[in-house]
1. Taking H as built 1.01 Å from N, whose amide H comes closer than 5 Å to the amide H of Glu305, not counting residues under 5 places away?
2. Could you give log10 I(q)/I(0) at q = 0.13, 0.29 Å⁻¹ for region 155-201, computed by the Debye formula over C-alpha point scatterers of equal weight, without solvent?
3. Keeping to pairs on different chains or 8 or more places apart, tell me how many lysine pairs in the chain have Cα atoms under 22 Å apart.
4. Among rounded, prolate and oblate, which fits region 210-318 when a ≥ b ≥ c are the square roots of the eigenvalues of its C-alpha gyration tensor, a/c under 1.5 means rounded, and a/b larger than b/c means prolate?
5. Among Ala171, Ser26, Ile45, which residue has its Cα furthest toward the positive end of the charge dipole of the chain, with +1 on Lys/Arg Cβ and -1 on Asp/Glu Cβ?
6. What is the gain in length, in nm to one decimal, between Ala40 and Gln328 on full extension, counting 0.36 nm per residue of separation less the C-alpha to C-alpha distance?
7. How many angstrom separate the Cα center of region 258-312 from the Cα center of region 148-170?
8. Which order do the peptides 237-245, 21-29 come out in when sorted by mean C-beta neighbours inside 10 angstrom, highest first?
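Values quoted throughout were computed directly from the atomic coordinates according to the rules given, and no laboratory measurement underlies them. It should be emphasised that the depicted structure is a prediction, and the values quoted were computed from it without experimental measurement. Glycine also receives a Cβ, built like all others from the backbone with ideal geometry; neighbour counts cover every protein chain displayed.
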Amino acid sequence: MTSNQALKKTFQLHDFPLDSGEKLASGWLSYLQIGELNAAGDNLILLPTYYGGTHEGILPWIGADSPLNPAQYCLVIPNLIGNGVSVSPSNAEHFQAGPHFPAISLYDNVRAQKRLLESCFDDAAPALVMGWSMGGMQALHWGALYPDRVQRLLSICATARCWPHNQIFLAGVKAALTCDAAWQDGGYQSPPDKGLKAFGRVYAGWAYSQAFFRKQLHRELGLETLQDVLDYWEEDHLQQDANNLLCVLESWQQADISQLPAFAGDPEQALASIRAPSIIMPSSTDLYFTAEDAAWEAARMPHAELRVLESDWGHIAGAPGRSPVDHQQIMTACADLLTRRGLAS
């Protein structure tokens, strides 16, 4: 492959043992690779995906003018289990399809990604693990699970666990979806469209900040009115499979770095185990991955810098390519981090 050619690939997980004690039968990870692994194996960058998104949503971070340049790095974007591209309720073997799909943790996702690197990339130690939202949560799990492997870490609008208020937010959007009579406990015969539209409408009020709406920043997205915003979120969620949404939501809601096997429920020990030079980058106006929660965690990571995104865009400040000003701040942080000595340097 040429250095800048994007290739979508599939990695078979076979009977993958899960954190829950179940097995994921005939599972797979779908991932995008852009760029080639060098002979030293030290140029791999891992970019896990976020809630509701796929590898395509990460692409605005990548390019010849970006610090994530495929001429220099091997960029690997693994899709979350449950997102509809990797194995998910909507495409699993019939006996694990739909409501029968097993619970998936972020621990499961990161272990599957590690297996991918072992099998397809010579077990390369990532030069950087970088992600937004659930991608950032995965990056932090990577740092704690493989502290001797992750060289650098950039977590954007994310925390290492789903804090209590974040859990309440997720319970609310879940209720909006599952109140649809068509839901049928996940056994729906046709999509629960009313529930999906309600889910999108409720989520729209959390994704951005109060200032975002007061200053009418939605117009920068081509959405002229508040109704346009609501219509956009409804239409976006009508494109999603309801069981997929709730599968990944459960992975997010239950995420807690302190529950990884080595830490016995101690979040401070878990955070202290992350050895990689890190930038923790919350949005100043994020309503559910709050800057306060992220700061608490960063203070307990021995090599972390807290760099707050001062933005009116709320959680969406960290979305790849969405807000030009915030995007530039993220790219600057990425470039700064890549100039620092890595863990093994």
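1. Distant-sequence amide H within range of Glu305: Ser278, Ile279, Ile280.
2. The calculated log intensity ratios at q = 0.13, 0.29 Å⁻¹ are -0.39, -0.96.
3. Working: Lys8/Lys114; Lys9/Lys114; Lys23/Lys114; Lys174/Lys194; Lys174/Lys197.
Lysine pairs meeting both conditions in the chain amount to 5.
4. Numbers: a/c = 3.49, a/b = 1.57, b/c = 2.22.
It comes out oblate by the Cα gyration axes.
5. In the chain, that residue is Ile45.
6. Numbers: separation 288, 0.36 × 288 = 103.68 nm, distance 3.00 nm.
The span from Ala40 to Gln328 would gain 100.7 nm if fully extended.
7. Here the answer is 7 Å between Cα centres.
8. Numbers: 237-245: 20.0, 21-29: 17.8.
My ranking of the peptides, most packed first, is 237-245, 21-29.
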